[in-house]
Amino acid sequence: MKLVRLRDASRPRITLTLEGQAIEAQQGDTLLTALLAAGAGHLRESEFGDGPRAGFCLMGACQDCWVVVEGMGRVRACATLAAQGMEVRRG
Amino acid sequence: MKVAVVGAGPAGVRAVERLVAAGLSPVWIDEAPDGGGRIYQRPPVGLARDARTLYGFEAKRATSVHDTLDALKPKVDWRPETLVWHIRPEARTLNTLSRGRQAEVAYDAAILCTGAMDRVIPVPGWTRPGVTTLGAAQIALKTQGCGIGRRVAFLGTGPLLWLVAYQYAKAGAEVVAVLDTTSFATKMRAAPGLMLGGMTFAKGLYYTAWLRRRGIRIAEGVTPIAIDGDDNGVTAIAWRDAAGREHRAECDAAGIGWGLKPEAQLADLARVPFRHDPVQANWVPVRDGAGRTPVAGIYLAGDGAGIGGAEVAEIAGARAALALLADAGHRIDPIETVTLDGRLAMQARFRAALERAFPFPAHLARGIADDTLLCRCEGLRAGELRAAARAEAATGPATEVNRAKSFTRVGMGRCQGRVCGAAAAEVLAAELGCDVVATGRLRGQPPVKPIPIPAPVSAP
């Protein structure tokens, strides 16, 4: 899944990492936006072996966008703002 | 008097406005950082907040809700980024979690304005990255300036289907298809009642006409076949038209949804009884026209009390606050309650017509193929639920949804049945050969959303 920036796309840049790889994002991005607009493709694997997941409701209800942030633990990527230097792992 | 209001969407804002006007200073709790609810959700700081761009025809309403919200914050105990994960009506206490910190909030009376989420019917491929709810597609655009893809298909039914398609096309995404499972004839039959909606109905017609004028592919009365994809996500959507012919459109994302369902978990934990509303095809908490529930001290307003939309939520929020104040012995202007009640009654007639225009297609849920993933949290396929419903099942047949949950884990996962619940009940009812009402309702469990369990501190 690739999120496409359609408007308001020239905000100050921030950098975070996904599985140790640098990701460029923009201030005001949620983690979900930051990762999926940068080409991460997915956020987690289903525990039941039925494939990758990348969130579904974007309103904090479905819990299908869990990722792990160093120092914060498990968070919903749709409801967590990305910040400079965040170290993120897939959930 | 200690009053708590949960939710800062249109219902919560208008409820708190009335409470503050009566001299009260409630505890006001919202899960989002800056209130507004889902419909008037504001982008995070750093993004442009031009109301006209974000909310279109609703800009005036959104701005009014936001301005009221901001003016009320210093007058109440405002607690943003706070989840109410449990309510204990016998102790009149809310359990909250905010940025990792637990708290208890005591109340004498509480107004729950907990909103709604999309109602979904699983389609083969619906768990692929690139498939989201219609609400999610709208939130991505509204609060992040992003489309869920570059070439997007929208599938489902209801006003949101057409609105989101319009918003995407307007924002510069390619809308490859708008696929409505409701037939044109069904919508036309409801047209006389829709006239009651006045401007709301007119806006709906405008979106549809705008999409048609742009030559965007539109199909009504469709049956979904699948959302296809590869390792990178979505590649195409396939459907059958009303005449049974198969079609396919290439796309890289799909938004799906069939109306809304109340987020009523807190009302459930507060032991408010529920009834099945045949018009909405939803289980809704029992309340009177003013928002009073049979549980002392618990009031409900907005979509969490039954789907009515944002305009109704504003009226109902004010009305519930007036009911609370009247019950607490405050003097209430009778003209105002009569006026609000009149507006609610009018809106209810429009809403009933809207539900008839875009009915929940239970037959699609009942017909989900055995090998289609039904419960995305627990990886359960429709066939597994059907097997549990059969008399020869080792456990004995699952004759209602809570037994089915125990036997198969349907609705037991991280979302607690929010996503699959409506469709699972239809699958179960079809297999049992009964009406969906007879299969019951998934009972709520605390916490209403997953919360971290702190590791126990070991004794020295």
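No value in this document is a laboratory result; all are computed from the given coordinates. The model shown is predicted, which means the values in this text are computed figures rather than measured ones. Neighbour counts are summed over all protein chains in view; Cβ atoms, including those assigned to glycine, are modelled from backbone coordinates with ideal geometry.
Choose one of B:140, B:266, B:87: the residue whose Cα lies farthest towards the positive end of the charge dipole of the protein assembly as shown (beta-carbon charges +1 Lys, Arg; -1 Asp, Glu; about the Cα centre).
Positive-end residue among those listed: B:140.
Output the relative contact order of chain B, whole-number percent, from Cα pairs under 8 angstrom with separation of 6+ residues.
17
If a/c stays under 1.5 just call it rounded; otherwise compare a/b with b/c (prolate if a/b is bigger, oblate if not). Do that for the protein assembly as shown, with a ≥ b ≥ c from the square roots of the Cα gyration tensor eigenvalues.
On the way: a/c = 1.22, a/b = 1.15, b/c = 1.06.
Rounded shape, in that the Cα axes give a/c under 1.5.
Going by how many other beta carbons lie within 10 Å of each one, how would you line up B:272, B:20, fewest first?
B:20, B:272
Return the average number of partner chain Cβ atoms within 10 angstrom of each residue Cβ along peptide B:128-138. Please report the intermediate quantities before stating the final value.
Values: counts 6, 15, 7, 5, 9, 7, 0, 5, 10, 1, 2.
For peptide B:128-138, the averaged partner shielding equals 6.
In region B:350-451, what GluC sites (Glu not before Pro) fall in a loop by DSSP, with at most 14 other Cβ atoms inside 10 Å?
Hits after loop and neighbour filter: B:392.
At a 10 Å Cβ-Cβ cut-off, how would you order B:330, B:66, B:363, fewest neighbours first? Working shown, then result.
On the way: B:330 15, B:66 19, B:363 11.
By the 10 Å Cβ count, ascending: B:363, B:330, B:66.
Cut-off is 10 Å between beta-carbons; in what order do B:319, B:441, A:13 appear when sorted fewest neighbours first?
Fewest-to-most ranking of B:319, B:441, A:13: A:13, B:441, B:319.
In debye, nearest 20: dipole of the protein assembly as shown around its Cα centre with unit charges on the Cβ of K, R (+) and D, E (-)? Display every interim value, and only then the final one.
Details: 67 positive and 55 negative charges, 156 e Å.
That gives the protein assembly as shown a dipole magnitude of about 760 debye.
Hey, what number do you get for chain B at 222 nm if only DSSP H runs of n ≥ 4 count, each worth -39500 (n - 2.57), divided across all residues, to the nearest 500?
Calculated from helices alone, the mean residue ellipticity at 222 nm is -10500 deg cm²/dmol.
Do any GluC sites (Glu not before Pro) in region A:1-90 lie in a DSSP loop with no more than 16 other beta carbon atoms within 10 Å, and if so, which?
Of the GluC sites (Glu not before Pro), the ones in loops of region A:1-90 whose Cβ has at most 16 other Cβ atoms within 10 Å are A:19, A:47, A:70.
Given labels modelled 7 Å from the Cα in the Cβ direction, how far is it in nm from residue A:74 to residue B:345?
Output for this residue pair reads 5.0 nm.
Just for the protein assembly as shown, what percent of DSSP beta bridges are antiparallel, to the closest 5?
On the way: 52 of 85 bridges.
Rounded to the nearest five, the antiparallel share is 60 percent.
So, in nm, how far is label residue B:437 from label residue A:45 when the simple model puts each one 7 Å beyond its Cα toward the Cβ?
Computed distance between label sites residue B:437 and residue A:45 equals 4.7 nm.
Per-residue mean of other chain beta-carbon atoms within 10 angstrom of the beta-carbon, peptide B:47-55?
The per-residue average across the peptide is 2.
Could you give me D for region B:347-416, from Stokes-Einstein at 25 °C and 0.890 mPa s, where the hydrodynamic radius is the Kirkwood radius over C-alpha pairs? Units µm² s⁻¹, please.
Numbers: Rh = 13.8 Å.
For these conditions, the coefficient is 178 µm²/s.
Give me the net charge for the shell around residue B:317: Cβ to Cβ below 10 angstrom, other residues only, Lys and Arg +1, Asp and Glu -1.
Around residue B:317, the surrounding residues sum to +1.
Residue by residue through A:60-72, how many Cβ atoms from other chains fall within 10 Å of the Cβ on average?
5
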